[in-house]
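Everything below concerns the one structure shown next.
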Amino acid sequence: MGIQVTVTYPMHVDWFPLWLSLEVATAATLISVALGLWLAWLLANREFPGKDLVDAIATLPLALPPTVLGYYLLVVIGRSSWIGRLWESVTGSPLVFTWRAAVIASTLHAIPLLIKSSRAALESVDVACERAARSLGASEWRLFWRVSLPLARRPIAAAAVLAFARSLGDFGATLMIAGDIPGRTQTAAIAIYDAVESGNTLTARVLVLVISVFTAAVVLLANRLEKRRVSH
């Protein structure tokens with residue numbers, strides 16, 4: 001009687017979701033920094049009607065379930081919305097179920113954290129330094145870039161790093177408006193879910209391990225930035 005030998009080859013791990021997640025998180029972080037810093041400065045330095053409402057709306061994505069946030073995004077940028085129709089008329093393709101939609105979802109997932117942390121950092125800047133700059137004729141724009149931002153750079157940098165980590169792990173909102181299209185919109189978080197559902201434990205474990213190590217490194221970096229701020 002012959003002995004039958006079964007050779008099991010390792011399953012292939014598709015790295016596309018990981019690279020897409022890094023690209024989406026990078027784009028979302030850049031957008032969050034650009035918009036979030038402006039809004040944080042506005043909330044920290046200006047009084048205007050509806051300020052509390054703007055603050056609440058900016059914080060809302062932190063409290064809303066991701067699927068609810070995804071539904072709102074579908075309403076706002078879906079093919080039946082004016083934004084979606086305008087985008088499609090200009091580009092010839094819909095905005096939803098693309099990597100751009102994943103960037104939008106990740107941005108809304110990350111920007112509230114950056115706004116809250118940056119606002120706190122800007123409010124902690126010594127008022128005497130800003131007053132001295134104004135007395136020397138510095139404009140508000142110059143004051144921000146030359147005084148406020150340099151003094152608050154470390155906590156803002158830490159907030160940007162944490163925003164990157166947060167956008168890297170978005171799942172619910174991304175799935176709602178970007179979908180789960182392998183090779184196009186499937187991010188690492190969605191790929192892990194699919195791998196677990198299909199029993200592909202190798203892919204799930206590898207992606208989980210890589211994301212965990214990378215996120216831990218990002219958090220350590222943010223903590224080091226915060227410690228340097230405290231020590232100074």
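We did not get these values from a lab; they are worked out from the coordinates using the rules stated. Everything numeric here is computed off the predicted structure, so don't read it as measured data. Positions of Cβ are generated from backbone atoms using ideal geometry, with glycine treated the same way; all protein chains shown enter the neighbour counts.
A few points about this structure:
- Sites excluded, trypsin sites (Lys or Arg not before Pro) in DSSP loops with at most 16 other C-beta within 10 Å, longest stretch of the chain: 80-183
- Of the labelled figures [x] 20.9; [y] 19.9; [z] 19.0, only one reflects Kirkwood radius over Cα pairs in Å as derived from the coordinates, namely [y].
- Put in line by how crowded their Cβ is, counting other Cβ atoms within 10 Å and starting with the fewest, Phe16, Phe48 read Phe48, Phe16.
- Taking a sphere under 14 Å around the Cβ of Pro94 and counting the other residues whose Cβ falls inside, with K and R at +1 and D and E at -1, yields a net charge of +3.
- If you take all other residues with their beta carbon under 12 Å from the beta carbon of Val218, and give Lys and Arg +1 and Asp and Glu -1, the sum is +2.
- Local electrostatic count, Glu23, Cβ distance below 13 Å [Lys/Arg +1, Asp/Glu -1]: +2
- Cα gyration tensor shape for segment 8-77, rounded if a/c is under 1.5, else prolate or oblate: prolate
- Table column - 3J(HN,Hα) (Hz), segment 73-78, Karplus curve with 6.51, -1.76, 1.60, x for Gly and Pro: 5, 4, 5, 7, 10, x
- Cα gyration tensor, segment 101-172 - rounded (a/c under 1.5), prolate or oblate: prolate
- Cα shape, segment 120-232, gyration tensor, a/c 1.5 rule: prolate
- Axis of helix 188-198 versus longest Cα principal axis of the chain: the two differ by about 30°, to the nearest ten degrees.
- Only helical runs count toward this figure. For the chain, summing -39,500 (n - 2.57) over DSSP H runs of n ≥ 4 and dividing by all residues gives -24000 deg cm²/dmol at 222 nm.
- Computed E for Ala217/Ser135 - FRET, C-beta separation, R0 45 angstrom, nearest 0.05: 0.55
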